[in-house]
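**Student:** The following block contains the structure, expressed as structure tokens.
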Amino acid sequence: LTPGFAGADIANVCNEAALIAARRGSKIVEMGDFESAVDRVIGGLEKKNKVISAEERRTVAFHEAGHAVVGWFLEYAEPLLKVSIIPRGTAALGFAQYLPSENLLMTTEQMEDMTCMTLGGRAAEEVLIGKISTGAQNDLEKITKMTYSRVAVYGMNKRVGLVSFPPDEEKLMKPFSNETAQVIDEEVRKLIDSSYERTRKLVEEKKELVEKMALALLEREVLSLEDIEGILGKRPFSTTEQRNIDKFRVGFQEEHSTDTKSSLEEGASLSNNKDDEETDEEEAVIRVT
């Protein structure tokens with residue numbers, strides 16, 4: 001649930017989970033409390049009383065459904081864990097929570113699929129609603145930064161070549177010419193345009209699923225992993241290595257079953273010891289008699 005979290009972030013999650021459990025009068029902190037705590041730490045405080053028009057709520061639902069569906073059918077996109085259209089914090093009207101594996105390296109294919117997934121919200125607005133909104137501003141900021149890194153930092157563009165120009169705010173002069181800057185800009189726009197076209201085609205292909213998920217979000221506001229699989233089916237990609245999403249799916253079940261087995265074995269052991277003690281007492285009484 002917490003890939004990339006620092007120790008302080010995990011401490012905040014534990015404290016929030018304890019508070020959530022206390023508010024509902026529970027003496028123990030359950031897994032659901034930790035999930036709610038992660039939502040709070042990532043997205044901020046829930047603002048269910050925030051006034052949102054029906055049209056805006058519908059736009060947010062289709063936007064988040066677009067992210068979810070596009071990422072679900074791209075092999076190298078991060079695994080989806082939860083989708084919500086409950087307003088949180090100061091600006092977020094909805095969010096999709098992912099559970100990435102903690103990879104240290106990224107390939108060109110991974111960055112391409114991540115860009116398409118991030119553009120899924122804007123594409124869903126255009127294809128299914130017929131007009132776009134300002135809700136994709138943060139998404140556009142992310143893909144712009146990522147694509148400039150692909151071209152100018154990681155040497156993943158043939159036209160620019162195997163060079164790296166990491167951003168340095170302390171330097172006033174750029175370490176490349178104006179002609180190179182123009183080439184970088186052109187290649188970034190070309191990559192983003194091709195990614196958006198690919199995303200748009202996928203949204204048109206999965207149009208019914210996007211609409212089905214958006215309607216489910218409007219009805220329930222939050223969709224868990226089980227809800228998402230019920231709408232979209234099993235994700236069509238699998239790996240030989242166990243990812244964080246696989247650990248989340250089966251790890252806690254195995255741990256629970258192990259704990260249950262240990263409890264049963266401990267109970268059986270205590271019962272056997274008690275029976276042995278009673279037998280010894282009966283033999284002692286017989287000998288005394």
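The values are calculated or read from the model by the stated rules, or taken from the named source; none is laboratory data. Quick caveat, the model's predicted, so the values are computed rather than measured. Note: ideal-geometry Cβ built from the backbone for every residue, glycine included; neighbour counts use all protein chains shown. Accessible surface is based on the protein model in full, side chains and every heavy atom, while ligands, DNA and RNA are left aside. Shrake-Rupley method; radii C 1.70, N 1.55, O 1.52, S 1.80 Å.
**Student:** Averaging sequence separations of C-alpha pairs under 8 Å and six or more residues apart, then dividing by the length of segment 80-231, give the relative contact order as a whole percent.
**Tutor:** Computed value for segment 80-231: 31 percent relative contact order.
**Student:** Can you list the trypsin sites (Lys or Arg not before Pro) in segment 40-102 that are in a DSSP coil and have 15 or fewer other beta carbons within 10 angstrom?
**Tutor:** Counting only loop positions with at most 15 other Cβ atoms within 10 Å, the trypsin sites (Lys or Arg not before Pro) in segment 40-102 are K47, K48, K50.
**Student:** Calculate, for segment 125-227, the solvent-accessible area per residue in square angstrom, rolling a 1.4 angstrom probe over the heavy atoms of the protein chains.
**Tutor:** 68 Å²
**Student:** Amide H to amide H under 5 Å from K82: which residues, 5+ apart in sequence or cross-chain, H placed 1.01 Å off N in plane?
**Tutor:** Here Q97 satisfy the definition.
**Student:** Separation of segment 178-230 and segment 63-124 by C-alpha centroid, Å?
**Tutor:** 8 Å
**Student:** Related question: Quick one: which residues, 5+ away or cross-chain, put their amide H under 5 Å from the amide H of A92? H built at 1.01 Å from N.
**Tutor:** HN-HN under 5 Å from A92: empty list.
**Student:** Residue-wise, which Karplus ³J(HN,Hα) couplings in Hz belong to segment 137-149, taking 6.51 cos²θ - 1.76 cosθ + 1.60, θ = phi - 60°, and x for glycine or proline?
**Tutor:** For segment 137-149, the Karplus curve yields 4, 5, 5, 5, 5, 5, 6, 5, 4, 5, 6, 4, 5 Hz.
**Student:** Still on this structure, I have one more. State which entries of K131/K207; K142/K207; K47/K206; K131/K212 exceed 23 angstrom in Cα-Cα distance in the structure shown.
**Tutor:** K142/K207; K47/K206
**Student:** Next question. For Cα pairs less than 8 Å apart in space and 6+ apart in sequence, what is the mean separation divided by the residue count of segment 31-89, i.e. the relative contact order in percent?
**Tutor:** With pairs under 8 Å counted, the relative contact order is 48 percent.
**Student:** Quick check: at a probe of 1.4 Å, how many percent of the accessible area of segment 72-154 sits on carbon and sulfur atoms?
**Tutor:** Roughly 55 percent of what the probe reaches on segment 72-154 is carbon or sulfur.
**Student:** If the only charges are +1 at each Lys and Arg Cβ and -1 at each Asp and Glu Cβ, what is the size of the charge dipole of segment 1-109 around the Cα centre, to the nearest 20 debye?
**Tutor:** For this selection, approximately 640 debye.
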